[in-house]
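Engineer: Take a look at the following structure, please.
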Amino acid sequence: MSVKSDKWIRRMAVEHGMIEPFVPRQIGAVDGGRVVSFGTSSYGYDIRCSDEFKIFTNINSAIVDPKRFDENSFVDYRGEVCIIPPNSFALARTVEFFRIPRDVLTVCLGKSTYARCGIIVNVTPFEPEWEGHATLEFSNTTPLPAKVYANEGIAQVVFFQGDEPCETSYKDRAGKYQGQRGVTLPRA
């Protein structure tokens, strides 16, 4: 298994539609203003957060249960900046739609810009032949409200290519998050 370079990522995105929309180089400034970087990096791809958010609220005193998740635990919000309450979390989705090849697995890690502010980004691996918008989880570990910026970098995806294709892919198993669009809540 090997980590894939920027050249491989560009080829797979252009020839096989692995990432759409695709940014072939890393962007750090737009229209003269600073943004949290996104696009192709040396050995990965910095994904962006869309402007669709689900912000956790406990106004109903619900219990968080992954087998019986109560959608009333979230408030839907759309905007360029999401304010996450202290010691709380929010969900969003990537701008990018992914189509992962059968011999590839990804690992996604939060960007240091957010980590240094106490915002932890959690994204599960993209399994072989999974496709969709990735759902992003943001935890605000601070006692203060925290900002997350839409349409800017939020995490980095690192691509690992196996020596051979897997025997059973996510698509073969009819995975419950296959083809997801929008922010997707837990499914039991």
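Read-outs: derived from the displayed coordinates by stated rules, not from any lab. Computed from a predicted model, the values in this text were never measured in an experiment.
Engineer: In degrees from 0 to 90, rounded to the nearest 10, what is the angle of the helix 6-16 Cα long axis to the longest principal axis of the chain?
Structural biologist: Helix 6-16 and the main axis of the chain meet at about 90 degrees.
Engineer: Quick one: compute the contact order of the chain, relative version, from alpha carbon pairs under 8 angstrom and 6+ residues apart, as a percent.
Structural biologist: On the way: 440 pairs, mean separation 52.6, N = 188.
Computed over the chain, the figure is 28 percent.
Engineer: Please work out how many pairs of lysine residues in the chain are eight or more positions apart (or on different chains) and have Cα atoms closer than 21 angstrom.
Structural biologist: Here the count comes out as 7.
Engineer: Next question. State log₁₀ I(q)/I(0) for the stretch 31-135 at q = 0.11, 0.22 Å⁻¹ as given by the Debye formula over alpha-carbon point scatterers of equal weight, solvent excluded.
Structural biologist: -0.43, -1.38
Engineer: Right, something else. Report the semi-axes of the equivalent ellipsoid for the chain in whole Å, largest first, where each axis is √(5λ) for an eigenvalue λ of the Cα gyration tensor.
Structural biologist: The equivalent ellipsoid of the chain has semi-axes of 28, 22, 13 Å.
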